[in-house]
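The values are calculated or read from the model by the stated rules, or taken from the named source; none is laboratory data. Please read these numbers as outputs of a predicted model, since none were measured by experiment. A quick note on method: Cβ atoms are made from the backbone with ideal geometry, for glycine too, and the neighbour counts reach across all protein chains shown. Remember, those area values only see protein heavy atoms, side chains included, never the ligands or the DNA or RNA. Shrake-Rupley method; radii C 1.70, N 1.55, O 1.52, S 1.80 Å.
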Amino acid sequence: MFSFRGVDFIDLDCLLSEEEKLVRRTARQFVDDRVLPVIRECFREARFPVDLIPELGELGFLGANLEGYGCAGMEDVEYGLLMQELERGDSGVRSFVSVQSALVMWPILEYGSEAQKDRWLPELQAGRKIGCFGLTEPDFGSNPAGMRTQAVRDGGSFVLNGEKTWITNGTLADVALVWARQDEQIRGFLVEKGTPGFKTTDIHGKWSMRASVTSSLAFTDCRIPAENALPGALGLKTALACLSQARYGIGWGCIGAAMDCYETARQYTLLRKQFGDRSLASHQLVQSELAWMVTEISKAQLLAFHSARLKSKGLLKFFHISMLKRNNAWMALEVARRARDLLGANGITDEYPVFRHMSNLETVKTYEGTHNIHTLVMGQQVTGLPAFS
């Protein structure tokens, strides 16, 4: 419909380095050339565009903010801008990259043995291998501490029994990073595809994240070598630290979806004529909606940019990330809803990207910590009082 030039009402570009702009430009071109031409059909057919995976690796988009093992070593703003542009294409594409990078590669780098790093990180970075992250269970989403999946030591092996669900990339994955309870401690384990007792099945019938693979993982007397345990992945806090890495990327990614919805609505209302020969954009109520959208996008950009600067200094805390994810996911979904309204009946067709973004963002607002859970994380920080139960 139009060439995307970005949304920068407050001239945030003046704060970006040339390297940061180059990353954004490269990612934006990739989305324009490779994602947008196929994503509508992928969404219709409920399939992930797997042909893009090698290109994601070649461009350095997988594990982009990690150092070594072939990773690009991007700075935190660069990585955020990458997530923003990928989610402008589709939340499912950004989710694939987020899971591969923040929930599989980062914990292997942070908690894994040298042998695990050497074996998996170069393959995951290149997209030759795919990973998934198994934390959520059928009965334990917002309360991962209640997990029932068990790992029992048996000589030189661990035997896993349990189930995980709502796992992005599950049936695509060559390796699953699975969290299980060994005695009273939660630990992280690497489980390879094809291991006896390990079964994956896709979740069908989704009206959201249709261009993303979502799966269940089942472990029935699944025996893995003891060296598949990540030495440093001990305790629930290590699993939650992985989520913090992913939530940071989500906070940026949401902005991309919101930008696409806003710009689609702006262009549409400028071109659409009603009540004579006046464009919809000439009416006060329409301008009010567009002004609200660009204000909220600008605030979200500032929050993301400041979070990146804090992260680079080692000052970004988990409760800052809760604010980032909570605000920006809510903002993006609300922008999508208002954009859909401005497009009228056309807003529900896949000729325009708005309804696809809107349905995806219903999931983005829920996963990696619901809006209400992040509210309580912030509430505990400002009062000192936990209110989770």
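Please go through (1) part of a helix (DSSP H, G or I); (2) farther than 22 Å from MET74 by Cβ; (3) free of Cβ contacts under 8 Å to residues at least 12 places away in the same chain for THR366 and return the number of the only condition it doesn't satisfy.
So THR366 meets the others, but not (1).
Kindly indicate which of GLY92, GLY73, GLY80 is outside any helix (DSSP H, G or I) and of a type outside the set (Phe, Trp, Tyr).
On the way: GLY92 fails: outside any helix (DSSP H, G or I); GLY80 fails: outside any helix (DSSP H, G or I).
Sole residue among the options that is outside any helix (DSSP H, G or I) and of a type outside the set (Phe, Trp, Tyr): GLY73.
Can you work out which of the residues in region 221-238 that are at pLDDT 95 or above and hydrophobic (A, V, I, L, M, F, W, C) is surrounded by the fewest Cβ atoms within 10 Å (Cβ to Cβ)?
Going through the qualifying residues, I end up with ALA226.
Might you check whether a residue that is open to solvent by 40 Å² or more (accessible area, probe 1.4 Å), assigned to a helix (DSSP H, G or I), at pLDDT 95 or above and within 24 Å of LEU36 (Cβ to Cβ) occurs anywhere in region 375-386?
No; the residues of region 375-386 include none that is open to solvent by 40 Å² or more (accessible area, probe 1.4 Å), assigned to a helix (DSSP H, G or I), at pLDDT 95 or above and within 24 Å of LEU36 (Cβ to Cβ).
Which residue, of GLU123, GLU87, GLU110, GLU114, is crowded, with 24+ Cβ neighbours inside 10 Å and charged (D, E, K, R)?
Testing whether each residue is crowded, with 24+ Cβ neighbours inside 10 Å and charged (D, E, K, R) leaves just GLU87.
Among the residues that make up region 102-113, is at least one of them within 30 Å of CYS42 (Cα to Cα), touching a Ser or Thr at 6+ places or on another chain (Cβ under 7 Å) and in contact (Cβ under 8 Å) with a residue 60 or more places away in the chain?
no
Given the criteria at pLDDT 95 or above, of a type outside the set (D, E, K, R) and buried (at least 21 other Cβ atoms within 10 Å of the Cβ), does VAL178 qualify?
Details: at pLDDT 95 or above: yes; of a type outside the set (D, E, K, R): yes; buried (at least 21 other Cβ atoms within 10 Å of the Cβ): yes.
Yes: the conditions hold for VAL178.
Which one of these does THR165 not meet: (1) more than 22 Å from THR363 (Cα to Cα); (2) surrounded by fewer than 22 Cβ atoms within 10 Å (Cβ to Cβ); (3) at pLDDT 95 or above?
The failed condition is (1).
Quick one: how many residues across region 326-348 are without any contact (Cβ under 8 Å) to a residue 12 or more places away in the chain and open to solvent by 50 Å² or more (accessible area, probe 1.4 Å)?
Of the residues in that region, 2 qualify.
Within region 292-305, identify whether any single residue is open to solvent by 20 Å² or more (accessible area, probe 1.4 Å), assigned to a helix (DSSP H, G or I) and under 30 Å from ASP183 (Cβ atoms), and answer yes or no.
The answer is no, given that none of the residues of region 292-305 is open to solvent by 20 Å² or more (accessible area, probe 1.4 Å), assigned to a helix (DSSP H, G or I) and under 30 Å from ASP183 (Cβ atoms).
Looking at LEU333, LEU290, LEU280, LEU271 in this structure, which one is under 25 Å from LEU36 (Cα atoms), touching a strand residue (DSSP E or B) at 6+ places or on another chain (Cβ under 8 Å) and aliphatic (A, V, I, L, M)? Even if it seems obvious, please write down each step before you answer.
Details: LEU333 fails: touching a strand residue (DSSP E or B) at 6+ places or on another chain (Cβ under 8 Å); LEU290 fails: touching a strand residue (DSSP E or B) at 6+ places or on another chain (Cβ under 8 Å); LEU280 fails: under 25 Å from LEU36 (Cα atoms).
The unique qualifying residue is LEU271.
Look through PHE133, PHE189, PHE140, PHE198 and report the one residue that is open to solvent by less than 40 Å² (accessible area, probe 1.4 Å) and without any contact (Cβ under 8 Å) to a residue 24 or more places away in the chain.
Numbers: PHE133 fails: without any contact (Cβ under 8 Å) to a residue 24 or more places away in the chain; PHE189 fails: without any contact (Cβ under 8 Å) to a residue 24 or more places away in the chain; PHE198 fails: without any contact (Cβ under 8 Å) to a residue 24 or more places away in the chain.
None of the other options fit; the residue is PHE140.
Determine the pairs where a residue that is more than 20 Å from GLU192 (Cβ to Cβ), located within region 222-246, has a partner that is polar (S, T, N, Q) and open to solvent by less than 20 Å² (accessible area, probe 1.4 Å) with Cβ atoms under 6 Å apart, the partner being 6 or more residues away or on another chain.
Once the first residue is more than 20 Å from GLU192 (Cβ to Cβ) and sits in region 222-246, its partners that are polar (S, T, N, Q) and open to solvent by less than 20 Å² (accessible area, probe 1.4 Å) give ALA246/SER98.
Any idea which of VAL178, VAL159 is among the β-branched types (Val, Ile, Thr), out of contact with any Phe, Trp or Tyr (no Cβ under 7 Å at 6 or more places or on another chain) and in a strand (DSSP E or B)?
Details: VAL178 fails: out of contact with any Phe, Trp or Tyr (no Cβ under 7 Å at 6 or more places or on another chain).
Matching residue, one of VAL178, VAL159: VAL159.
So in region 9-30, with the set limited to residues that are under 28 Å from TRP292 (Cβ atoms), within 23 Å of the chain's Cα centre (by Cα) and without any contact (Cβ under 8 Å) to a residue 60 or more places away in the chain, which one is surrounded by the fewest Cβ atoms within 10 Å (Cβ to Cβ)?
Only one residue tops the list, namely LYS21.
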